[in-house]
Amino acid sequence: MKPYMKDPANAAMKLHYEVAKDDFARAGEASSKIKSVLKQLGIEGGVLRRIAIAAYEAEINLVIHSEGGTVEAFIKPDCIELYIEDKGPGIADIDLAMTQGYSTANPAAREMGFGAGMGLPNMQKVCDDFTIESEPGEGTRIKMVVNY
């Protein structure tokens with residue numbers, strides 16, 4: 001897979017976070033930092049909530065399902081773009097993975113309360129634009145846009 005062509009045009013700010021596999025102690029840190037920056041910039045509460053949900057679900061998926069990856073946010077005058085890229089096993093059946101309740105989370109993640117199979121559907125639900133690309137053995141890339 002080729003990397004996404006990220007669009008930094010008109011971006012007032014770019015935020016970049018590395019997320020490690022199985023790092024449950026820090027899971028949610030990137031999404032919290034993104035939300036904090038957006039709040040300081042005066043972004044409206046409804047948009048904050050949508051971005052926080054999208055970023056958190058993506059970050060948790062990186063921790064649970066991948067070999068690690070990145071979360072990037074481009075803050076623009078009219079929207080926020082999130083780019084998620086992982087070094088993971090990839091998704092063999094994206095349609096199945098988008099089904100509410102479907103999960104490939106391991107028992108350890110489930111014991112901690114993760115892996116309910118709502119991450120991808122929740123991401124899509126809160127975004128104005130949602131794109132996912134994945135190939136087995138190549139990883140997964142997600143682009144999410146929330147307009148304001």
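The values are calculated or read from the model by the stated rules, or taken from the named source; none is laboratory data. Bear in mind the structure is a predicted one, so any value in this text is a computation, not a measurement. No Cβ is skipped: glycine too gets one built from the backbone with ideal geometry, and neighbour counts run over all protein chains shown.
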### Query
What pairs come up if the first residue lies in the range 25-46 and is surrounded by 11 or more Cβ atoms within 10 Å (Cβ to Cβ), the second is of a type in the set (D, E, K, R) and assigned to a helix (DSSP H, G or I), and their beta carbons are under 7 Å apart, counting only those six or more places apart or on different chains?
27/59; 28/59; 30/59; 31/59
### Query
Are any of the residues in the range 47-59 surrounded by 15 or more Cβ atoms within 10 Å (Cβ to Cβ), within 25 Å of residue 147 (Cα to Cα) and in contact with a Phe, Trp or Tyr (Cβ under 6 Å, 6 or more places away or on another chain)?
yes
### Summary
By my count, helices (runs of 4 or more DSSP H) wholly in the range 29-121 with at least 2 residues that are within 16 Å of the chain's Cα centre (by Cα) and either modelled with pLDDT of 95 or more or acidic (Asp, Glu) (or both) are 29-40, 45-65, 94-97
### Message
I'm checking my understanding of the structure. Among residues of the range 60-77 that are of a type in the set (A, V, I, L, M) and under 19 Å from residue 101 (Cα atoms), which one is surrounded by the most Cβ atoms within 10 Å (Cβ to Cβ)?
### Response
62
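Do the conditions hold for residue 18, that is, is it surrounded by fewer than 21 Cβ atoms within 10 Å (Cβ to Cβ), in a strand (DSSP E or B) and out of contact with any Leu (no Cβ under 7 Å at 6 or more places or on another chain)?
Details: surrounded by fewer than 21 Cβ atoms within 10 Å (Cβ to Cβ): yes; in a strand (DSSP E or B): yes; out of contact with any Leu (no Cβ under 7 Å at 6 or more places or on another chain): yes.
Yes: the conditions hold for residue 18.
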### Query
Residues of the range 71-88 being closer than 16 Å to residue 20 by Cβ and touching a helix residue (DSSP H, G or I) at 6+ places or on another chain (Cβ under 8 Å), which ones?
71, 84, 86, 88
